[in-house]
1. Residue A:269: surrounded by 20 or more Cβ atoms within 10 Å (Cβ to Cβ) and either at the interface with chain B (Cβ under 8 Å from one of its Cβ atoms) or hydrophobic (A, V, I, L, M, F, W, C) (or both), yes or no?
2. Of (1) surrounded by fewer than 17 Cβ atoms within 10 Å (Cβ to Cβ); (2) among the polar types (S, T, N, Q); (3) more than 9 Å from chain B (Cβ to nearest Cβ), residue A:278 satisfies all except one. Which?
3. For residues in the stretch A:227-244 being in a strand (DSSP E or B) and more than 13 Å from chain B (Cβ to nearest Cβ), which is farthest from the chain's Cα centre (by Cα)?
4. Taking residue A:86, is it in contact (Cβ under 8 Å) with a residue 24 or more places away in the chain, assigned to a helix (DSSP H, G or I) and out of contact with any Asp or Glu (no Cβ under 6 Å at 6 or more places or on another chain)?
5. Could you list, in sequence order, the residues of the stretch A:245-269 that are of a type in the set (S, T, N, Q) and part of a strand (DSSP E or B)?
6. Please indicate, with yes or no, whether at least one residue in the stretch B:359-374 is out of contact with any Asp or Glu (no Cβ under 6 Å at 6 or more places or on another chain), in contact (Cβ under 8 Å) with a residue 60 or more places away in the chain and within 27 Å of residue B:452 (Cβ to Cβ).
7. Would you pick out the residues in the stretch B:192-221 that are in contact (Cβ under 8 Å) with a residue 24 or more places away in the chain, out of contact with any strand residue (DSSP E or B) (no Cβ under 9 Å at 6 or more places or on another chain) and over 17 Å from residue B:161 (Cα atoms)?
8. Which of the residues spanning the stretch B:148-158 are within 14 Å of chain A (Cβ to nearest Cβ) and modelled with pLDDT of 85 or more?
Number of protein chains: 2
Amino acid sequence: MNPELSREFINELRAIIEAKDDRAALELLQDFHPVDIAELYEELDIEEVKYLYMIIDPEIASDVLAELEEDDRERFLKSLPAELIASQFINHMESDDAADVLANLDEETKQEVLRQIKDVEQAGDIVDLLSYDEDTAGGIMAKELIKVNENWSLTTCLREMRKQAENVDDIFYIYVINDDNILTGIVSLKAMLISSSSTIVKDIFEKEIRYVSSDTAAEEVAQIMDKYDLVVLPVVDSIGRLLGRITIDDIVDFIRDEAEKDYQMASGISSDVETTDSPLRLSRARLPWLIIGLIGGVLVAALISQFESDIKLNPEMAFFIPLIAAMAGNVGIQSSAIIVQGLANNSLGLESTFKKLLKEFTVALMNGIILSVMLFLYNLIMKQGLALTYTVSISLFVVINFAALFGTMIPLLLNRMKLDPALATGPFITTTNDIMGLFVYFLMGRILYDVFVI
Amino acid sequence: MNPELSREFINELRAIIEAKDDRAALELLQDFHPVDIAELYEELDIEEVKYLYMIIDPEIASDVLAELEEDDRERFLKSLPAELIASQFINHMESDDAADVLANLDEETKQEVLRQIKDVEQAGDIVDLLSYDEDTAGGIMAKELIKVNENWSLTTCLREMRKQAENVDDIFYIYVINDDNILTGIVSLKAMLISSSSTIVKDIFEKEIRYVSSDTAAEEVAQIMDKYDLVVLPVVDSIGRLLGRITIDDIVDFIRDEAEKDYQMASGISSDVETTDSPLRLSRARLPWLIIGLIGGVLVAALISQFESDIKLNPEMAFFIPLIAAMAGNVGIQSSAIIVQGLANNSLGLESTFKKLLKEFTVALMNGIILSVMLFLYNLIMKQGLALTYTVSISLFVVINFAALFGTMIPLLLNRMKLDPALATGPFITTTNDIMGLFVYFLMGRILYDVFVI
């Protein structure tokens with residue numbers, strides 16, 4: 001949240017909008033970056049937003065629109081006629097942002113907007129981009145880029161680049177193509193700067209470059225750009241013709257979203273929600289996991305009911321039910337979180353599954369011994385009965401080892417079955433470990449209480 | 001993990017290293033990117049790694065070293081003499097990577113390496129960078145950049161830029177300074193391309209640019225670059241003199257690490273670990289949270305022991321202990337996760353704390369009613385006693401509301417106390433909610449069993 005966005009500021013802005021004082025509004029927002037203006041959306045109602053977006057410069061308005069959250073943008077555009085969408089926004093956007101905006105409109109409005117676009121080449125680019133799946137390289141790339149022929153001299157390049165530069169916001173690399181529009185390499189601005197103007201591109205360009213095909217999954221694009229520290233990545237079609245480029249800013253959001261998705265899954269929130277969403281939406285996002293948790297709890301209750309007579313005889317067995325359940329859950333979540341992150345980052349290494357389980361088992365053994373001994377000493381000092389003292393510590397030890405193996409295996413198994421390993425975290429693994437852990441506990445209790453009574 | 005990195009490949013590589021066949025080794029690795037070579041580290045022993053890094057081109061070797069995990073790099077460099085560290089690695093690195101590497105060496109080796117650096121200017125840059133705290137803009141910036149005076153013509157710029165370009169890997173923007181080395185703006189390559197060569201920089205440069213001071217926290221740098229989609233960000237000193245630049249690739253790692261840190265905290269893993277770490281390290285990273293969980297479990301046991309007589313009388317009360325504890329934990333984690341992410345992303349909006357709590361309470365009321373009714377119907381159908389049926393459902397409802405408020409308040413409170421709000425997730429909130437939830441449950445049981453017995 002922008003520090004300048006105080007409650008007073010919003011009130012002042014709303015008063016100005018109410019008075020329809022264009023000049024005052026523009027003055028108030030003059031130092032605002034489009035991102036900051038986009039943040040105002042949450043604090044204003046839709047008519048106020050509409051007023052603002054219409055008086056500001058279309059170049060800025062289109063950037064603001066591109067920065068809005070997807071569902072906010074959809075709601076906002078529904079209130080506008082197609083003509084206005086084209087003239088105030090789409091006409092001033094790069095092709096990838098324009099395609100993102102249009103992708104969320106209904107078919108009729110989309111066609112209407114496309115007809116209203118002045119620049120036919122831009123409209124063509126947008127239609128091309130709309131044909132790609134939005135989770136692929138084609139779906140996130142921009143068509144605007146600077147390309148030169150490998151046979152040109154730097155003088156020719158510079159002349160052609162001047163023409164192309166008008167449509168491109170940022171120039172990071174210049175792409176090199178052959179006569180068939182096949183991507184053959186890049187030439188860096190640095191190389192152009194330090195070479196004489198009669199040099200032919202072919203003599204100074206880099207041939208070994210990374211690129212992706214338009215149907216590469218967005219997730220893979222993110223991994224490649226992240227791993228190789230790339231700022232832009234060219235996109236080609238199936239025979240290698242240059243189609244567009246993906247810039248890192250589109251990918252940063254994706255990388256963060258992926259990391260957050262795992263966290264949300266582990267926290268039992270099923271879809272992408274924020275505190276600013278409506279209570280109904282927030283409720284719907286959480287209810288599924290809670291219901292799974294509830295069903296798990298009912299199953300656990302059914303399991304414990306099998307040991308009702310034991311509890312009646314030795315009610316102190318009930319004291320440690322939460323401890324056993326919680327420790328099983330905690331260990332399971334720790335083990336699965338490490339695997340889930342390793343899978344997400346491709347950092348699991350070459351160790352075989354067996355070796356991973358063995359290592360996890362070693363860790364569990366160490367932690368299990370330490371924790372069980374601690375609990376044993378505590379119960380001795382507190383003068384709990386010997387039967388209970390042994391039961392709790394031995395089952396804690398068994399449960400920690402079970403939960404660790406389980407927490408490691410399940411995400412690996414899910415991954416092998418091409419399911420999201422993060423499913424293994426959250427209520428699912430907690431419930432399974434609860435059931436297993438308490439079963440061990442009560443069984444151990446039945447055996448050990450017999451031993452100590454004899 | 002690179003798909004080419006099969007077990008067979010590693011065995012082949014090790015055999016070649018064993019035979020000290022330089023040519024075969026170089027051939028095997030010729031298409032490898034430094035990042036891919038860095039990944040081999042995990043699979044080889046330190047002598048094998050040393051052999052490889054000495055035979056490959058120093059330019060590549062230095063990139064490989066920069067890509068290694070920090071603790072791997074530290075271990076590796078300990079085995080090398082200072083002279084070799086300088087000649088094979090540091091001499092070929094950009095200042096920010098070099099400073100990162102040197103920062104982890106002991107004082108004596110660091111001084112020795114610095115003395116061995118051939119380029120005095122580079123050594124000076126590194127010493128400058130080492131003086132910054134590593135979590136600040138100064139600590140992550142690189143000194144290499146291209147800068148021009150605002151009074152120069154583009155012809156002069158081009159001549160000067162040719163000189164400067166030799167030390168810079170990637171050119172994204174050209175920084176503009178005045179005669180006092182104060183940053184006054186940037187000039188884009190696009191503007192240079194489309195302007196005539198007699199133009200003065202002053203006439204085409206952008207004055208309104210974002211920059212940070214060298215003592216800005218790295219976290220804030222990441223937020224600014226992420227929010228405004230910046231690829232590079234200039235760094236200035238306290239009076240505005242240009243010091244260096246930060247590129248997005250250094251920040252992407254930071255953004256991902258931040259998101260992952262919250263996930264690890266919520267999963268009860270206290271430091272940055274990977275599956276490839278040693279069992280001892282893995283064990284140490286998890287034990288603290290488990291011990292907190294154990295202490296929590298013991299406290300819960302002490303609480304339940306206060307209700308021993310109730311359990312002896314109505315052992316079926318024990319059946320639903322795990323359900324109440326688990327639901328309290330799940331709801332608490334959901335609520336806190338949303339707040340923690342909102343704080344991390346600065347997306348909490350302007351709503352007051354009171355409004356947030358009110359909204360969270362609405363969500364909890366809805367979910368609480370739905371879940372309690374579901375459980376009530378289940379217990380009716382299963383013909384549980386009425387006392388138990390009412391006790392379980394009413395306390396579930398109360399517990400869900402308590403846990404939601406608690407899960408919302410604690411991270412906000414921690415944040416206000418300048419502590420990491422993610423501390424609120426994981427075992428801490430689970431345990432607190434367990435205690436609160438089970439207290440409500442047994443208290444409710446004592447009251448309702450009396451009611452239904454009468």
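The values are calculated or read from the model by the stated rules, or taken from the named source; none is laboratory data. This is a predicted model, so every value here is computed, not measured. FYI the Cβ positions are ideal-geometry reconstructions off the backbone, even for glycines, and counts take in every protein chain you see.
1. Numbers: surrounded by 20 or more Cβ atoms within 10 Å (Cβ to Cβ): yes; either at the interface with chain B (Cβ under 8 Å from one of its Cβ atoms) or hydrophobic (A, V, I, L, M, F, W, C) (or both): yes.
In short, yes.
2. (3)
3. Going residue by residue through the stretch A:227-244, those that are in a strand (DSSP E or B) are A:232-236, A:241-244.
Narrowing the set further to residues that are more than 13 Å from chain B (Cβ to nearest Cβ) leaves A:234-236, A:241-244.
Details: A:234: 22, A:235: 22, A:236: 25, A:241: 30, A:242: 28, A:243: 26, A:244: 23 Å.
Per the stated criteria, the residue is A:241.
4. Numbers: in contact (Cβ under 8 Å) with a residue 24 or more places away in the chain: yes; assigned to a helix (DSSP H, G or I): yes; out of contact with any Asp or Glu (no Cβ under 6 Å at 6 or more places or on another chain): yes.
Yes: the conditions hold for residue A:86.
5. A:247
6. First, pick out the residues of the stretch B:359-374 that are out of contact with any Asp or Glu (no Cβ under 6 Å at 6 or more places or on another chain): B:359-374.
Add one more test, that the residue is in contact (Cβ under 8 Å) with a residue 60 or more places away in the chain, and what stays is none.
Taking every residue of the stretch B:359-374 in turn, none turns out to be out of contact with any Asp or Glu (no Cβ under 6 Å at 6 or more places or on another chain), in contact (Cβ under 8 Å) with a residue 60 or more places away in the chain and within 27 Å of residue B:452 (Cβ to Cβ).
7. If the condition is that a residue be in contact (Cβ under 8 Å) with a residue 24 or more places away in the chain, out of contact with any strand residue (DSSP E or B) (no Cβ under 9 Å at 6 or more places or on another chain) and over 17 Å from residue B:161 (Cα atoms), then B:219 is the only one that fits.
8. Keep residues of the stretch B:148-158 that are within 14 Å of chain A (Cβ to nearest Cβ), which gives B:148, B:154-158.
B:148, B:154, B:155, B:156, B:157 - these are the residues of the stretch B:148-158 that are within 14 Å of chain A (Cβ to nearest Cβ) and modelled with pLDDT of 85 or more.
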